[in-house]
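Novice: Here it is: the structure, laid out below.
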Amino acid sequence: MVEALRVWASTHISPSWTLLKLCDVQPMQYFDLTCQLLGKAEVDGTSFLLKVWDGTRTPFPSWRVLIQDLVLEGDLSHIHRLQNLTIDILVYDNHVQVAKSLKVGSFLRIYSLHTKLQSVNSENQTTLSLEFHLHGGTSYGRGIRVLPENNSDVDQLKKALESADLTANQLSDGICQSEPEDSVPSSGSVSLYEVERCQQLSATILTDHQYLEKTPLCAILKQKAPQQYRIRAKLRSYKPRKLFQSVKLHCPKCHSLKEVPHEGNLDMIFQDVAAKTPDIKLQNTSLYDSKIWTTKDQGGRKVAVHFVKNNGILPLSNECLILIEGGTLSEICKLSNKFHSIIPVRSGHEDLELLDLSAPFLIQGKSYHYGCKQCSSLRPIQNLNSVVDKTSWIPSSVAEASEILVDNDLQKSMDMIMDMICPSRIKIDSYPWLECFIKSYNVTNGIEQQICYQIFDTTVAEDLI
């Protein structure tokens, strides 16, 4: 129906005021273009390249999509001869199938074409290029139409093409020429059209400071810290590759950062304690009731579980704190699914004691709470008398705790997200854009000072999670 209306309109309605020639277009403009198709190529699943001309030259150099990895359909020698009278148009989404069906040499009317002026910074100069996009959707009649040979606009276009000044290929002084389309980019470079595909959604969402303007990374690297910036970039790589290593233990008091104990090391700590027999003299006190189990294997190992009472009464299991003595890591994990909280302990000379600070002092489900080796001090278990009767069982009632979450599902989710924003199987041109806030800060290492950067007020888009 839309196509039928366009055919009718072409013979009954005067050309739209938005119908422009390339020599008259300006940045940040939507217009209709009558042109001839010189070449086409598939870029990816959601975008398609059209090379067109109308016999006139744009006021700014036209951007160039790097095509060395693309299969370009068209007369390459003819395209090269007209390279500075030709523009590259990226067509997106629902228009891709139409673009694929177009025949090279046909005459087109492209509706609601969008221009953008892109500044590309290199080491020695700044190049301005004019980008052309046909975004997805049909708003404002957006689309592509093949004009019949007997159309009056086609007659005018043919005359313009025949009289085109091919010497316009030579750019005037003072204007930087776009990179030749058959050139090979330097290592790590990104093609011009990927500098900012305006229709492409970011894989991240800004949660604050939307007023900040985007700053190029090259400009950020030249500025002193501390500063705040808004950037749009792609993630080339990240460390550590094993994401569980990115979780650190942070002390809110002295602000020290420590590695999270490896599961194997943690198991060894609990096994060392499990090798010792619980002291029967330290069982069944006013604070807790005790129960001892003997394992069927491992030489009849003894495991003591002390159920902490509240006002002299044992609470239900989902509300109960237990002290476990002699349990392995796997046994403690099983018990953490049944009881509210677990404190690993061992028999001391006069009372039960907390383990070394290398082990968590409190376990709640899959949350492990650690003390700080620099500023934490271990207190006697009997100090629990002052908290179990007065407060609910929260870590802050025991200590200023640092918490880590041991969750396989969370780890899998992190792996999936990182694989989406930094995929290892495709070229960087196809990586998603990340729009982020970063802040710079100074770090002193001995006598050397360096600037580091941290992402803030940025979250991963919900459709990635």
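The values are calculated or read from the model by the stated rules, or taken from the named source; none is laboratory data. Predicted model only: the values in this text are computed from it and were never measured. Note that each Cβ is placed from the backbone with ideal geometry, even for glycine, and that neighbours are counted across all protein chains shown. Heavy atoms of the whole protein, side chains included, go into the accessibility calculation; ligands, DNA and RNA do not. Shrake-Rupley method; radii C 1.70, N 1.55, O 1.52, S 1.80 Å.
Novice: How large is ³J(HN,Hα), in whole Hz, for each residue of region 131-136 in order, when computed from phi with the Karplus curve 6.51 cos²θ - 1.76 cosθ + 1.60 and θ = phi - 60°, using x for Gly and Pro?
Specialist: Using θ = phi - 60°, the values come out as 8, 10, 10, 10, 6, x Hz.
Novice: Of all the accessible heavy-atom surface of region 34-110, with the other protein chains kept in place and a 1.4 Å probe, what percent is carbon and sulfur?
Specialist: Numbers: 1420 of 2710 Å².
Percent of accessible area from carbon and sulfur atoms in region 34-110: 52.
Novice: I would also like to ask the following. I need the peptides 345-354, 441-450 ranked by packing, meaning the mean over residues of other C-beta atoms within 10 angstrom, with the highest value on top.
Specialist: Working: 345-354: 17.5, 441-450: 8.3.
Result, highest mean first: 345-354, 441-450.
Novice: Non-local amide H neighbours of G136 (under 5 Å, H modeled in plane, Pro and chain starts lacking H): which ones?
Specialist: When sequence neighbours closer than 5 places are left aside, the close amide H contacts are Y92.
Novice: If you don't mind, another one. Which Rg and Dmax, in Å, describe the Cα atoms of region 193-342?
Specialist: Expressed in Å, the Cα Rg and Dmax of region 193-342 come to 26.0, 76.
Novice: What residues have an amide H closer than 5 Å to that of H340, excluding those fewer than 5 places away on the same chain, when H is modeled at 1.01 Å from N in the peptide plane?
Specialist: E319, C320
Novice: Step through the residues of region 259-276 one at a time and calculate ³J(HN,Hα) from phi using the Karplus curve (6.51 cos²θ - 1.76 cosθ + 1.60, θ = phi - 60°), rounding each to whole Hz and writing x for Gly and Pro.
Specialist: 5, 6, x, 5, 4, x, 5, 5, 5, 5, 4, 5, 5, 4, 5, 5, 6, 9
Novice: Could you derive backbone 3J(HN,Hα) for region 320-332 from the dihedral phi with the Karplus parameters 6.51, -1.76 and 1.60 (θ = phi - 60°), listing whole Hz in sequence and x where the residue is Gly or Pro?
Specialist: For region 320-332, the Karplus-derived couplings read 9, 8, 10, 9, 10, 10, x, x, 7, 4, 5, 5, 5 Hz, x marking Gly and Pro.
Novice: Right, another one. Whole number please: convex hull volume per residue of the Cα set in region 284-343, in Å³?
Specialist: Working: hull volume 4.6 nm³, N = 60.
Cα-based convex hull of region 284-343, divided per residue, equals 76 Å³.
Novice: If I compute solvent accessible area with a 1.4 Å probe over the protein chains, what percent of it on region 223-371 is carbon and sulfur?
Specialist: The computed percentage sits at 52.
Novice: More than 13 Å apart: what percent of Cα pairs in region 348-388 qualify?
Specialist: Details: 485 of 820 pairs.
Cα-Cα pairs of region 348-388 separated by over 13 Å account for 59 percent.
Novice: Along each of the three principal axes of the Cα atoms of region 414-465, give the extent in whole Å, ordering the values from largest to smallest.
Specialist: Principal extents (largest minus smallest coordinate, Cα): 43, 25, 20 Å.
Novice: So, by mean Cβ neighbours within 10 angstrom, what's the order for 89-95, 313-319 with the highest one leading?
Specialist: Values: 89-95: 21.0, 313-319: 11.0.
My ranking of the peptides, most packed first, is 89-95, 313-319.
Novice: As a test, work out the antiparallel percent of DSSP beta bridges whose residues both lie in region 316-366, rounded to the nearest 5. Intermediate values should be presented prior to the final figure.
Specialist: Details: 4 of 9 bridges.
Taking every DSSP beta bridge with both residues in region 316-366, the antiparallel ones total about 45 percent.
Novice: Right, next: Based only on the alpha carbon positions, what is the Kirkwood hydrodynamic radius of region 257-319, in angstrom?
Specialist: Result for region 257-319 stands at 14.1 Å.
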